[in-house]
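First comes the structure, then the notes that go with it.
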Amino acid sequence: DAGITQSPRHKVTETGTPVTLRCHQTENHRYMYWYRQDPGHGLRLIHYSYGVKDTDKGEVSDGYSVSRSKTEDFLLTLESATSSQTSVYFCAISVGLPGNTIYFGEGSWLTVV
Amino acid sequence: GDSVTQMEGPVTLSEEAFLTINCTYTATGYPSLFWYVQYPGEGLQLLLKATKADDKGSNKGFEATYRKETTSFHLEKGSVQVSDSAVYFCALSDHKTSYDKVIFGPGTSLSVIP
């Protein structure tokens, strides 16, 4: 158990509304990530953070923003949700050196209708 | 660029059968290698890892050896159980300046029947 909590776990929202997913970790790890998982595409990195207020884009960042104002919290915001953002979203953290290991949260199932 | 290739399945085995899921990788550096398992409706759980050549990762009866000469990290289990039914992901991790770049394979779905 890497101490990662995601909320909400399940959400249905309407097209055009903003949505924020929260990732909370209990162990003060520096690196945090948001991935999405889709059939046929596997896991894709949306955004990552390497410290408080330090974030950068992953491979599928369009339509998403993130914030990290505290070490333990990493927020993912869908600025105006679209049906193509219906997905399962996983938060992850890196732990340890060398060969940092990525640990995942339990996922947030988002449906945009 | 870095990549991971694994057999996609689905793989169906009878209980107590031997399991092999092949995984090969390409990488420019010296990555760490991982197997993750995902049960239906759940997140990805780390199953095992190896951080350098010839390391063997093992957990819950599963094993995989980091083979640099063949760029492979095949997952094996001697006797599978119904509870092993899940999707298995091979992955590599390469630390970059500001994050750990993780490349996942497409996943292999395993069904074990009694």
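The values are calculated or read from the model by the stated rules, or taken from the named source; none is laboratory data. As the structure is a computational prediction, the values presented were derived from the model and not from experiment. Here the Cβ is made from the backbone with ideal geometry for all residues, glycine too, and neighbour counts use every protein chain on show.
Annotations
- Some residue of segment A:101-110 being facing another protein chain (nearest Cβ under 10 Å), of a type outside the set (V, I, T) and more than 24 Å from B:S93 (Cβ to Cβ): yes
- Test for B:F18: is it among the hydrophobic types (A, V, I, L, M, F, W, C), over 21 Å from B:V102 (Cβ atoms) and away from chain A (no Cβ under 13 Å): yes
- Segment B:32-49: number of residues that are over 19 Å from B:D84 (Cβ atoms) and within 8 Å of another protein chain (Cβ to nearest Cβ): 1
- Condition check for B:Y39: touching a strand residue (DSSP E or B) at 6+ places or on another chain (Cβ under 7 Å) and surrounded by fewer than 14 Cβ atoms within 10 Å (Cβ to Cβ): yes
- Within segment B:2-59, the set of residues being small (G, A, S), in a loop (DSSP other than H, G, I, E, B) and at negative phi comprises B:A17, B:A27, B:G29, B:G43, B:A53.
- Unique match (being more than 10 Å from chain A (Cβ to nearest Cβ), surrounded by 21 or more Cβ atoms within 10 Å (Cβ to Cβ) and closer than 28 Å to A:G58 by Cβ) among B:A64, B:A27, B:A91: B:A64
- Hits in segment B:73-88 (condition: away from chain A (no Cβ under 14 Å), within 30 Å of A:I46 (Cα to Cα) and within 10 Å of the chain's Cα centre (by Cα)): B:H74, B:L75
- Sole exception among (1) more than 10 Å from every other protein chain (Cβ to nearest Cβ); (2) among the hydroxyl-bearing types (S, T, Y); (3) out of contact with any Cys (no Cβ under 9 Å at 6 or more places or on another chain) for B:T108, by number: (3)
- When residues of segment B:3-16 are limited to those that are surrounded by fewer than 15 Cβ atoms within 10 Å (Cβ to Cβ) and not acidic (D, E), the one modelled with the lowest pLDDT: B:S3
- Any hit, segment A:55-69, residues being surrounded by fewer than 12 Cβ atoms within 10 Å (Cβ to Cβ), free of Cβ contacts under 8 Å to residues at least 40 places away in the same chain, in a strand (DSSP E or B) and not acidic (D, E): yes
- For segment A:92-99, the criterion of being over 21 Å from B:G43 (Cβ atoms), within 14 Å of the chain's Cα centre (by Cα), surrounded by fewer than 15 Cβ atoms within 10 Å (Cβ to Cβ) and within 10 Å of chain B (Cβ to nearest Cβ) is met by none of the residues.
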